[in-house]
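Student: The following block contains the structure, expressed as structure tokens.
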Amino acid sequence: MSIDLKEKIREANSKALEILIHAQPTWVDVVQVKEFIPGYQENMILHAGPPVNPENAPIPLINAVGGAAVHEGLAKTVDEAWNMVKSGEILLGSQLDYRGASGAAYAVGASTPVQIAENPETGTQGFCTFQEGPSRNVLRWGIYNQEVEERLQWFREIFGPVMKEVIKTAGGINLKNILAKAIAMGDENHSRKIASTALLMQQLMPAIMDTQIPEKIKNDVVKFLCSAERFFLHVFIAGATAVMEGVKGIDYCTLLVGQGGNGFDFGTKFAFSGNEWYTSKCPVCTGLYINPEWDERHGVPYLGDSCVVETYGFGGNAAIAGPMVVYLTGGDLEEALRRTNNAREICVGTHNWAIIPALNFQGPPVGIDLRKVVAKGITPVCHGGMHHVDGGQAGAGYMNVPKECFEKALKAFAAKYNL
């Protein structure tokens, strides 16, 4: 590699790191998907992970896509919807190709209300759906039934418009301030976000009180928010996506900007190649199953885009900040520290604004460099929930991103720049 090329890579990665460290991800709006994506086709459903072959889709993704399609009025049943997918009458797309990301299997259609976050430092935006609360029957776990449909209708007709007004009243909510506090309170902000959700509620509740919303609706909204201790995650997914959109497309930059799984393939995106996917077979998470009789045969390979938070330096990168996450999936304090230390080996910088007491007040590593991953043989750890093969939550755990994704990207990088 020439000295000139090395300098171009160094400058590109330094530019990206500046964006990552100085970003101010802010929740700014709530809109329907068709309002956020120019020219959105009404017969399109966006899903998690890289583009999926309908023949390989797992049941939770089929149920989520089919449920979203029924909710949009495109079909009457999930089975009918999936047949329409196979025939091409319903189009599929990856949320990560449209400045979005999903929590678990969540699929979205034209009228789905989504949270919009923006990084004002770059002007880039990202979206994510609302977290659906504590019910076992939720679209994100690949379940669609009458309870799910009624909640989706409530989100679209009541909750979404209310939260739009609330965010307007609040003047936007800076997520970085919340992250900086929550990471010192035991949240790694992927699988654990109890503190961050509570901090978010401190800002939401006064704004809700200040809006001109009927009292009955206010009560319903507040009760739902107080039941959803994981609510912050989906707001943060939108924020992390907005930040990574500002890094995407930087020439010569070797940093990871997006990743997700569709339950069959796991895909990665890198700054130098924009929306290009580099995929490998999806691994099944290692972790704790809800039913002691379940094992890896009952778990779907990684499904969801929530691991975009790892690209922004949290989740697995910050495992030592939330050791209870590691403990609850069979690990210990030493394993939590190992995950964070390994992440530092493959990253180019540190979030010095998000200090972790257990790291002697260092922040988590950020900026995963594909060259370091391939050279050192250390792959990123992603936390997350596990889907049951028949739909529903099987448990929670972690997985290592397949090295093949990075090897393919490095070959593409070499080809692009004639190495």
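Student: Report the one residue of His388, Val348, Pro364 whose Cα lies farthest in the direction of the positive end of the charge dipole of region 302-419 (charges on C-beta: Lys and Arg +1, Asp and Glu -1; origin at the Cα centre).
Tutor: Going by the charge dipole, the pick is Val348.
Student: Say the cut-off is 29 Å between C-alpha atoms; which of Lys34/Lys218; Lys8/Lys269; Lys164/Lys403; Lys176/Lys218 go over it? Before the final figure, lay out the partial values.
Tutor: Numbers: Lys34/Lys218 26 Å; Lys8/Lys269 20 Å; Lys164/Lys403 41 Å; Lys176/Lys218 27 Å.
The answer is Lys164/Lys403.
Student: Return, in residue-number order, each cysteine of the chain whose C-beta is not under 4.7 Å from any other cysteine's C-beta.
Tutor: Here Cys128, Cys226, Cys253, Cys282, Cys285, Cys347, Cys405 come out as lacking a disulfide-compatible partner, given the Cβ-Cβ threshold of under 4.7 Å.
Student: Sticking with this structure for a sec: Would you compute, from DSSP H runs of 4+ residues alone, the mean residue ellipticity of the chain at 222 nm, taking -39500 (n - 2.57) per run and dividing by the full residue count, rounded to the nearest 500? Walk me through the numbers before you get to the answer.
Tutor: Working: 15 runs with 164 residues, N = 419.
When only DSSP H runs of four or more count, the value is -12000 deg cm²/dmol.
Student: Quick one: what do you get for region 290-419 if you divide its Cα Rg by 2.2 N^0.38 Å? If you can, show how the numbers build up before the last one.
Tutor: Details: Rg = 16.1 Å, N = 130, 2.2 N^0.38 = 14.0 Å.
Compared with the compact-globule rule of thumb, region 290-419 sits at 1.15.
Student: Further question on the same structure: Kindly put Val308, Val325 in sequence by how many other C-beta atoms sit within 10 Å of each C-beta, fewest to most.
Tutor: Details: Val308 33, Val325 27.
Ordered by Cβ neighbours within 10 Å, fewest first: Val325, Val308.
Student: On to the next question. Take each of the peptides 4-14, 354-364, average the number of other beta-carbon atoms within 10 Å over its residues, and list them starting from the highest. Write out the running numbers ahead of the final one.
Tutor: On the way: 4-14: 14.2, 354-364: 17.4.
Most protected by this proxy first, the peptides run 354-364, 4-14.
Student: How big is the charge dipole of the chain about its Cα centre, in debye rounded to the nearest 20, if each Lys and Arg gets +1 on its Cβ and each Asp and Glu gets -1 on its Cβ?
Tutor: Working: 36 positive and 44 negative charges, 171 e Å.
Here the chain has a charge dipole of around 820 debye.
Student: What number, in nm² with one decimal, is the all-direction average of the projected area of the convex hull of the alpha-carbon atoms of the chain? Spell out each step's value before the answer.
Tutor: Details: hull surface 76.5 nm².
So the mean shadow area of the Cα hull is 19.1 nm².
Student: Additional query: Just report the Cα centroid separation between region 233-276 and region 395-417, whole Å.
Tutor: With region 233-276 and region 395-417 each reduced to a Cα centre, they are spaced 12 Å.
Student: On to the next question. Starting with the fewest neighbours, write out His190, His22 ranked by other beta-carbon atoms found within 10 Å of each beta-carbon.
Tutor: Arranged by neighbour count, lowest to highest, His190, His22 become His22, His190.
Student: If you don't mind, there's one more thing I want to ask. Report the Cα centroid-to-centroid distance between region 28-56 and region 139-199 in angstrom, as an integer.
Tutor: Computed from Cα coordinates, the inter-centre distance equals 19 Å.
No lab work stands behind these numbers, since they all come straight from the coordinates. Remember, it's a predicted structure, so these values are computed and weren't measured experimentally. Cβ sites come from the backbone with ideal geometry, for glycine too, and all protein chains shown count toward neighbours.
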